Amino acid sequence: MLTKVLPKILLVVALISSICCIPLFLLDGLSLNIGILIAITIVSMSVLLARYLLRDIREGLSALELGLLNLKDGEYATTLSYQNEDELGKLCSLYNSTALQLREEKHWIYQRELLLDKITQSSPEVLFLVNDQQQVIFSNIAARRFFNCSKGLDGNLLSHLLTTAPKGAEAAIAEKKEGLFSIVFDEDEPQTWHMSTGKFSLNNQEHTLFILKQMTRELSRQEVAVWKKVIRVISHELNNSLGPISSMLHSGGIISEKLNEERLTRVFSTIDERIQHLSDFVQGYGKFAKLPEPKIQAIDWGHLTATLKSQWQFIDLSAGKQTVYADPVQLEQLLINLIKNAHESGSLPEDVSIRLEQRQNESCISVMDKGKGISENVMANALIPFYSTKASGSGLGLALCREITDAHHGNIGLFNREGGGLTVRVILPYQG
């Protein structure tokens, strides 16, 4: 810029000084050669003087030009050293203060971007951003796991990623179907997910943000909370009735003994037996409705299985000495329920087995039998409270297992085995 402006200024100075020299040629007695020499001298001195006077302006403008080029390139660390007490000095000082403010704002934005990236990468929700060419330009760690990719998803076409997506997710994502949908990971039971989308304009391009969140645990938690409320109400009403009935039954028993009436005694005995059964029934529901917060501690697996073998027959297929982290009482109750169900499945006692496997950041407990297995309809409802295929079942055994597993922030699943039988798999997070 300065290479064009300053020569023009010097040219104007030379032109003006040349015009001022014209009267020299009108003087009498002055030869043409001397006049030309004087004119050249005047013009040269004018140009040199102009260059000298424009030196500070040239330096100031050069500094401003360099600074503006740095701003254009996003470089805010450079300041201008031109500090003369003139208009250019004031402009350079204003530039320096502006660059300092921009540098602080850039640092603040950078810190916010780091925080936002940390939050999105740590989020359990699946997040990925797609441009108008259906190409992923941002994704978090949960999205990579969701699409079963070891590397980042950035640069991949969405259509390519959908080929590795879980069953049920392809259609929902391709159609941008907001709301709930079901997917299946490998051989696990179906999971309920929720998807929401948002459109953004970035760099004059339309972008779509996908947010996928697993809702299975949340829906189960709300469902169990409703069941617990119902159970507490029923238990309260039953206990209020059982107390007076037991008192009246006791008085009736005393009267029947005085009358020496055997039939009446048998009636009262039968009523007392049913009341006791109903009381035990209510206590069983109360155990489910008032499950305490688990007290996590290290449990020796060999010691736990030895305790269980004193109550039920099974084969422990676990390898070596292992430790599992859970509430001892609740884990024992969970395994008792599962082993009991395995024995009641029609399987031979020697075909009931249990295995503990240590995976990355989690413990996997499998209880297996070779019974009849269960149908898809039963499998879909087996973990729901009050649901039972047994004539005298309360429908709380597996529901209590799921409640214990959820309290440990784990999960439980049922799978039919090839060749017959059922596997119940419990995943507990490693909390050592």
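The values are calculated or read from the model by the stated rules, or taken from the named source; none is laboratory data. In this text the structure is predicted, and so the values were computed from the model without any measurement. Cβ: placed from backbone, ideal geometry, glycine included. Neighbour counts: every protein chain shown. Accessible surface areas use protein heavy atoms only, side chains included; no ligands, DNA or RNA. Shrake-Rupley method; radii C 1.70, N 1.55, O 1.52, S 1.80 Å.
Among the residues examined, H207 does not qualify as in a helix (DSSP H, G or I) and at pLDDT 85 or above.
Condition first: among the polar types (S, T, N, Q), over 21 Å from the mean Cα position of the chain (by Cα) and open to solvent by less than 30 Å² (accessible area, probe 1.4 Å). Now tell me which residues in the stretch 401-423 satisfy that. Let's see the steps before the verdict.
Residues of the stretch 401-423 that are among the polar types (S, T, N, Q), as a first pass: 405, 411, 416, 423.
Applying the additional criterion that residues be over 21 Å from the mean Cα position of the chain (by Cα) yields 416, 423.
Of everything in the stretch 401-423, just one residue is among the polar types (S, T, N, Q), over 21 Å from the mean Cα position of the chain (by Cα) and open to solvent by less than 30 Å² (accessible area, probe 1.4 Å), namely T423.
Within the stretch 381-400, identify whether any single residue is at pLDDT 80 or above, of a type in the set (A, V, I, L, M, F, W, C) and open to solvent by less than 10 Å² (accessible area, probe 1.4 Å), and answer yes or no. Checking the stretch 381-400: not a single residue is at pLDDT 80 or above, of a type in the set (A, V, I, L, M, F, W, C) and open to solvent by less than 10 Å² (accessible area, probe 1.4 Å).
Yes or no, residue by residue, for (1) at pLDDT below 80; (2) over 25 Å from the mean Cα position of the chain (by Cα); (3) more than 22 Å from A174 (Cβ to Cβ):
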site	(1), (2), (3)
K90	yes, yes, yes
Y110	yes, no, yes
E113	yes, no, yes
D117	yes, no, yes
E125	no, no, no
Q133	no, yes, no
I137	no, no, no
N148	no, no, no
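Among the residues making up the stretch 288-347, those that are out of contact with any helix residue (DSSP H, G or I) (no Cβ under 8 Å at 6 or more places or on another chain) and in a helix (DSSP H, G or I) are W301, G302, H303, T305, A306, K309, V329, A342. Answer yes if at least one residue in the stretch 224-231 is modelled with pLDDT of 85 or more and either open to solvent by 20 Å² or more (accessible area, probe 1.4 Å) or touching a Cys at 6+ places or on another chain (Cβ under 6 Å) (or both), and no otherwise. The answer is no; no qualifying residue exists. Would you mind stating whether A306 is touching a strand residue (DSSP E or B) at 6+ places or on another chain (Cβ under 7 Å) and modelled with pLDDT of 75 or more? Criteria not met by A306. Taken together, the criteria place V126 among residues that are among the β-branched types (V, I, T) and touching a residue at least 40 places away in the same chain (Cβ under 8 Å).
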